[in-house]
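Engineer: Dumping the structure here so I can ask a few things about it.
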Amino acid sequence: MSDLLLRNAVLGSGAPTDVLISGGRIAATGAGLTAPAVEELGGALVLPGFIDGHAHLDKTLWGGPWVPHTAPAGLAAKIHNGRVRRPELGIPSADYVTALLTHMVTLGTTHVRSHVDVDPDVGLGSVHAVREALSRLDGRITAELVAFPQTGMLISPGTEALLEEALKAGVEHIGGIDPAGVDRDPVRHLDIVFALAGKYGVGVDVHLHDRGTLGVFQYDLIIERTRALGLSGRVTISHGYALAGADPATRERLIAALAENGISLASTGPAESLPIRDLAAAGVPVTLGNDGIRDLWSPYGTGDMLERALFQAKNAGFARDEEIQLAVDAVTYWGASVAGLPDYGLTVGSVADLVVVPARNAAEAVMVRPVRDLVVKGGRIVARRGELV
Ligand SMILES: [Zn+2]
């Protein structure tokens with residue numbers, strides 16, 4: 001890969017400068033740099049590549065037919081609907097996942113954490129479909145997968161063994177889903193999930209929609225197991241609505257415990273917004289994600305992490321630039337922290353995963369969400385003006 005020079009780049013903030021990329025990393029910044037390939041950015045904003053911290057790539061219908069939404073309301077009904085309609089629509093489809101990943105790359109996403117359904121009907125088919133799509137993208141985007149018991153684990157016989165098969169096949173994280181609300185036995189569910197994490201040395205990412213005291217109870221069970229197994233930095237709670245609705249004292253106690261035990265959160269930036277400011281102040285990273293993107297769960301979703309930052313900012317009542325910056329941090333630095341990506345960022349020596357946005361600053365980028373000028377992954381240009389390269 002030959003060296004690349006980005007000329008007149010605003011690196012996050014400040015005055016435009018030139019950026020030399022060499023060996024897949026930011027090698028130098030400043031005046032007087034040269035390279036065989038030069039991109040004139042005209043003062044455009046350069047951000048580190050976006051991280052989608054919570055997606056369900058395997059479920060998508062992107063690039064396929066428009067499928068009118070038929071799922072009834074409620075979590076259990078949505079789970080059932082997804083399971084019974086999947087075969088008729090050819091889900092999981094490596095073609096649909098490829099189409100979605102391609103779109104995400106053009107929007108500046110350079111890394112994604114995707115939950116992939118593992119259940120007795122699909123087996124490891126979703127893992128294989130997502131891996132096939134990733135191989136077709138040929139390094140333009142990287143991913144980490146979560147073996148996800150979407151249809152429950154204890155209530156879905158055979159799922160636990162399949163989850164273990166997925167981990168043996170190299171899937172990076174073990175997932176869980178509403179240990180109480182869906183699986184009806186939170187202690188046993190979480191004991192199995194954490195035992196698998198310990199046995200295979202993988203991370204944990206648990207979907208926790210349960211609200212109220214039931215949700216808070218499960219936060220405590222997760223905190224307890226993270227501490228006991230020394231899994232600081234390896235555990236994520238996805239959605240975690242109970243924190244948003246908790247009384248101030250409980251919220252404060254949980255945030256302190258999350259910080260102390262290195263537990264992160266993943267969110268879609270919903271109306272029930274997590275207390276982003278308090279979490280940031282305590283050093284609890286919050287990663288944002290698109291969740292399902294045009295699938296049997298919902299017709300919504302575009303894959304755009306700037307749009308996700310907009311949802312988070314708007315739903316948290318952010319208006320000042322420095323507040324909107326928190327939402328941008330969530331789709332960049334905090335997401336990288338949750339994913340454990342080394343050398344992420346805009347400083348010399350960082351891996352050159354970059355997105356060039358024709359905007360004057362991060363707040364404007366979120367409000368306008370323009371076509372991305374350029375996307376760079378590991379020093380290689382992978383998209384230009386909305387098209388894959
Ligand atoms: Zn999810």
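The values are calculated or read from the model by the stated rules, or taken from the named source; none is laboratory data. Keep in mind that what you see is a predicted model, and the values were worked out from it rather than measured. All Cβ positions, glycine included, derive from the backbone under ideal geometry; neighbour counts span all protein chains shown. The area values use the complete protein model at the heavy-atom level, side chains included, leaving out ligands, DNA and RNA. Shrake-Rupley method; radii C 1.70, N 1.55, O 1.52, S 1.80 Å.
Engineer: Collect residues whose amide H, placed 1.01 Å from N in the peptide plane, falls under 5 Å from the amide H of Gly49; neighbours closer than 5 in sequence don't count.
Structural biologist: Asp353, Leu354, Val355
Engineer: For the stretch 286-362, with only Lys/Arg (+1) and Asp/Glu (-1) charged at the beta-carbon, what is the dipole magnitude about the Cα centre, in debye rounded to 20? Walk me through the numbers on the way to the answer.
Structural biologist: On the way: 5 positive and 10 negative charges, 32 e Å.
Here the size comes out at about 160 debye.
Engineer: Which ³J(HN,Hα) values, rounded to whole Hz and listed in residue order, are derived for the stretch 59-76 from phi using the Karplus coefficients 6.51, -1.76 and 1.60 in 6.51 cos²θ - 1.76 cosθ + 1.60 with θ = phi - 60°, glycine and proline given as x?
Structural biologist: Coupling constants for the stretch 59-76: 7, 5, 10, 4, x, x, x, 6, 10, x, 5, 10, 5, x, 6, x, 4, 4 Hz.
Engineer: Can you tell me which of 200-208, 299-307 comes out highest on packing, and rank the rest after it, using the mean Cβ neighbours within 10 Å?
Structural biologist: By packing density, highest mean first, the sequence is 200-208, 299-307.
Engineer: Follow-up. Treating only the Cβ atoms of Lys and Arg (+1) and Asp and Glu (-1) as charged, compute the dipole magnitude of the chain about its Cα centre; round to the nearest 20 debye.
Structural biologist: Using only the charged Cβ atoms, the result is roughly 320 debye.
Engineer: For the stretch 59-199, which whole percent of the accessible surface, found with a 1.4 angstrom probe, sits on carbon and sulfur atoms?
Structural biologist: That share works out to 55 percent.
Engineer: Among Ala147, Leu124, Val105, pick out the residue whose Cα is farthest towards the positive end of the charge dipole of the stretch 104-156, where Lys and Arg carry +1 and Asp and Glu carry -1 on C-beta, about the Cα centre.
Structural biologist: Projecting each Cα onto the dipole axis, the largest value belongs to Val105.
Engineer: Distance between Cα centroids, the stretch 121-173 to the stretch 186-202: provide it in whole Å.
Structural biologist: Measuring centre to centre over Cα atoms gives 16 Å.
Engineer: In addition: Could you run the Karplus curve 6.51 cos²θ - 1.76 cosθ + 1.60 with θ = phi - 60° over the stretch 359-372 and give me ³J(HN,Hα) per residue in whole Hz, x for Gly and Pro?
Structural biologist: 8, 8, 7, 5, 5, 5, 4, 5, 6, 8, 6, x, 4, 6
Engineer: Hey, can you grab everything whose amide H is under 5 Å from the amide H of Gly301? Only 5+ residues off in sequence or another chain; H modelled, so Pro and N-termini drop out.
Structural biologist: Arg294
Engineer: On a C-alpha basis, how far is the centre of the stretch 212-282 from the centre of the stretch 325-368 in Å? Whole number, if you could?
Structural biologist: Taking the Cα centre of each part, the stretch 212-282 and the stretch 325-368 sit 23 Å apart.
Engineer: Counting other Cβ atoms within 10 Å of each Cβ, which GluC sites (Glu not before Pro) in the stretch 14-93 have at most 15 and sit in a DSSP loop?
Structural biologist: On the way: sites: Glu39, Glu40, Glu88; in loops: none.
Within the stretch 14-93, no GluC sites (Glu not before Pro) qualify (loop, at most 15 other Cβ atoms within 10 Å).
Engineer: Would you grab the residues whose amide H sits under 5 Å from the one on Val382? Only those 5+ places off in sequence or on another chain, please, with H modelled 1.01 Å from N.
Structural biologist: Those lying under 5 Å, H to H, from Val382 are Val375, Val376, Lys377.
Engineer: Okay, next question. Roughly what angle does helix 125-137 make with the longest principal axis of the chain, taking Cα atoms, 0 to 90 degrees, to the nearest 10?
Structural biologist: 0
Engineer: Hey, another quick one. Projected onto the charge dipole of the stretch 50-339 (+1 at Lys/Arg Cβ, -1 at Asp/Glu Cβ, origin at the Cα centre), which of Ser264, Pro87, Ala133 gives the Cα projection farthest towards the positive end?
Structural biologist: Of the options given, the answer is Pro87.
Engineer: Here is a further query. Which whole-Hz ³J(HN,Hα) couplings does the stretch 38-50 yield from phi under the Karplus relation 6.51 cos²θ - 1.76 cosθ + 1.60, θ = phi - 60°, glycine and proline marked x?
Structural biologist: Using θ = phi - 60°, the values come out as 10, 10, 7, 9, x, x, 5, 7, 10, 10, x, x, 6 Hz.
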